[in-house]
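Asks: Please find one structure pasted underneath; my questions will follow.
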Amino acid sequence: MRTGDKYLPESDAHPPKVLPAVAAHAIAAYTESGDLVVDPMAGIGTTLVEAMRLDRMAIGVEYEPRWAALAMQNVEHAVNRGAPGFATVVNGDAREIEALVGRDVRRRASLVLASLPWNLGDSCCDSSAFVQVLSSCRTLLKPDGFLVIVANAGRGLGQAGDVAAVAVDAVLDAGFALHERCHLLLAPPDDEPMGCAADTPLVVARAGGPDDHSMENTGCGCGPDLRYNASSRRSA
Ligand SMILES: C[S@@+](CC[C@H](N)C(=O)[O-])C[C@H]1O[C@@H](n2cnc3c(N)ncnc32)[C@H](O)[C@@H]1O
């Protein structure tokens, strides 16, 4: 998944990463060539690298200086390997994302792609910071843009239901309207046992409020129609 030399080896030190194939799927499904993708919690820059490889522009914000620096190195590595897009990384707190990236980015992003922090659903952790990050990203999205939350947190097949519900709650609390939910079923490599298979839920939302049905017929269309009924907020 992260083998080969797409990413610098130091990237392995960051534990809760998104699989590159998952980020690439979300970017390909919800944006087009040349579009802007934002990852407000960029980690080692998986979203940014995959966006560049698909000829998108990308901005990442990362709170930890060491991960922000590594994300920038992964971006430079992607440039050196011929990725057609480009990306930048800002070190800071994404709860103030507009102040960090500049007002020029307001309503320019086609996709905000974020992953659920691995421990958000645990009783010891308060989700309010994550909700604030998502909420602050609303002004960056185009009116027809998407917010996609990767909710697997590295859990195995059949263990992902709870984290998807946590992601749904965070998205709604941040003022987004649910759009659809996809499950990516990742097969293990041939030489790995089936226990390595993973269910990766993607929770997809729009910037409009709960009554905004203007784009109901869009989406990745890559599987059965699991779109939310907006009148029953958390039913799906
Ligand atoms: C689950 S990891 C993201 C991994 C990333 N998607 C990847 O695949 O490389 C979450 C990241 O969010 C960062 N983070 C947490 N709170 C943040 C905040 N308020 N602003 C920006 N980054 C934050 C953490 O330092 C961590 O690197």
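Asks: Put a dot 7 Å past each Cα toward the Cβ at Ala165 and Ala21; how far apart are the dots in nm?
Replies: Reported label-point gap for Ala21 and Ala165 is 2.8 nm.
Asks: Along the Cα→Cβ direction, 7 angstrom out, place labels at Asn80 and Ala187. What is the inter-label distance in nm?
Replies: A separation of 3.5 nm, rounded to one decimal place.
Asks: Can I ask one more? If each residue of separation counts as 0.36 nm, what is the full-extension length gain between Asp55 and Ala69 once their alpha-carbon separation is subtracted?
Replies: Residue separation times 0.36 nm, minus the Cα-Cα distance, leaves 2.8 nm.
Asks: As an exercise, use a Förster radius of 41 Å and the Cβ-Cβ distance of Ser128 and Leu8 to find the FRET efficiency, rounded to the nearest 0.05.
Replies: According to the calculation, E is roughly 0.80.
None of the figures in this text is laboratory data; all of them are computed from the coordinates on show. Source: prediction; values computed, not measured. Here the Cβ is made from the backbone with ideal geometry for all residues, glycine too, and neighbour counts use every protein chain on show.
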